[in-house]
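Working notes, structure below.
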2 protein chains.
Amino acid sequence: MMSKQPNISFGEYIRQLREDRNLPLRKIAAELDIDTSTLSKIEKNERNANEQIIERLSKIFSIDKADLKVRYLSDKITYQLLDEEDGIEILKVAEQKIIYHKQQQLQ
Amino acid sequence: MMSKQPNISFGEYIRQLREDRNLPLRKIAAELDIDTSTLSKIEKNERNANEQIIERLSKIFSIDKADLKVRYLSDKITYQLLDEEDGIEILKVAEQKIIYHKQQQLQ
DNA sequence: TAATTTTGGACAATAAATGTCAAAACAAAT
DNA sequence: ATTTGTTTTGACATTTATTGTCCAAAATTA
């Protein structure tokens, strides 16, 4: 389970990591091999990250990659359901379906 | 809460509704104002439905629209997380985020 | 076998995401 | 207040994904 600040967004989280270390966008963007402007947008949740970016961010900041991925994907799902009436129930049903599929995979 | 067969997919579900009534794709597709082939693909989860289609399906089959939407969106989320290691945890975190946002909206 | 239904592939048109750049806005200020 | 560095914003071309549509083959049923 994630320990701290589960309700901070993915973008806010990596911005926090970066600012804690007093690093400019320029530096991290270079390490990620993306444009400064793209990283700025990722930190403002206006652009998507991807597997490679998450991988590299986890290395740069020495954090768990799986944890970062959870933050990223949970954000995306949250965003998809934010305007839905039955967001919570949709998640519950999705959970049952995933459990069911996992079960099927074992057979 | 949805009562029956929560683990059947959206496509399988509406196919079942249709076949229970012995109706051809042609007829339902006409009512939905979409191509027969598109409806076939929706029933095989190879194409997306949308708000209008869900709305009309719920009327055609006299079922609850919200329920149908839960089926549809939970399917989409399930599909997104099916290959993820931490699918369940991602959903839990998303749930917390949604609850948090809902809470914020009230203030 | 004929009639009907269903499927799969193809295609253009539309929409969404991506990578890139340049200029504007902001902050350091000392 | 002008410089210096950072961040944000918008624009744009390119790529990728989705949509609507048609048709022919495959499958099903009569």
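General remarks:
- Rounded to the nearest Hz, the phi-derived 3J(HN,Hα) couplings of region B:19-32 under the Karplus curve 6.51 cos²θ - 1.76 cosθ + 1.60 (θ = phi - 60°) are 5, 4, 9, 6, 9, x, 3, 3, 5, 5, 4, 4, 5, 7, where x marks glycine and proline.
- With label points defined 7 Å past Cα in the direction of Cβ, position B:T36 shows copy-to-copy spacings of 6.0 nm, given to one decimal and shortest first.
- Cα centroid separation, region B:14-46 to region A:26-78: 41 Å.
- Inter-copy label distances at B:Q103, using a point 7 Å along Cα-to-Cβ, come to 3.2 nm with the shortest given first.
- Comment: the Cα-to-Cβ extended label point of B:D20, at 7 Å, lies 5.3 nm from its counterparts in the other copies, nearest first.
- Pairs over the 18 Å Cα-Cα cut-off, from the set A:K97/B:K92; B:K69/B:K102; A:K92/B:K97; A:K27/A:K59; A:K69/B:K92; A:K44/A:K65: B:K69/B:K102; A:K44/A:K65.
- Relative frequency of Cα-Cα separations exceeding 32 Å in the protein assembly as shown, percent: 31
- The interface between chain A and chain B buries about 3500 Å² of solvent-accessible area in total (1.4 Å probe, ligands and nucleic acids excluded).
- Stretch gain in nm, segment A:R21-A:I63, where the contour uses 0.36 nm per residue and the Cα spacing is subtracted: 13.8 nm
- Here A:I8 and A:Q96 are evaluated by their C-beta separation; at R0 = 22 Å the FRET efficiency comes out at 0.20.
- The C-alpha radius of gyration of chain B, expressed as a fraction of 2.2 N^0.38 Å, stands at 1.24.
The values are calculated or read from the model by the stated rules, or taken from the named source; none is laboratory data. Small disclaimer: the values here were computed from a predicted structure and weren't measured. All Cβ positions, glycine included, derive from the backbone under ideal geometry; neighbour counts span all protein chains shown. These accessible areas exclude ligands, DNA and RNA; they are computed on the full protein's heavy atoms, side chains included. Shrake-Rupley method; radii C 1.70, N 1.55, O 1.52, S 1.80 Å.
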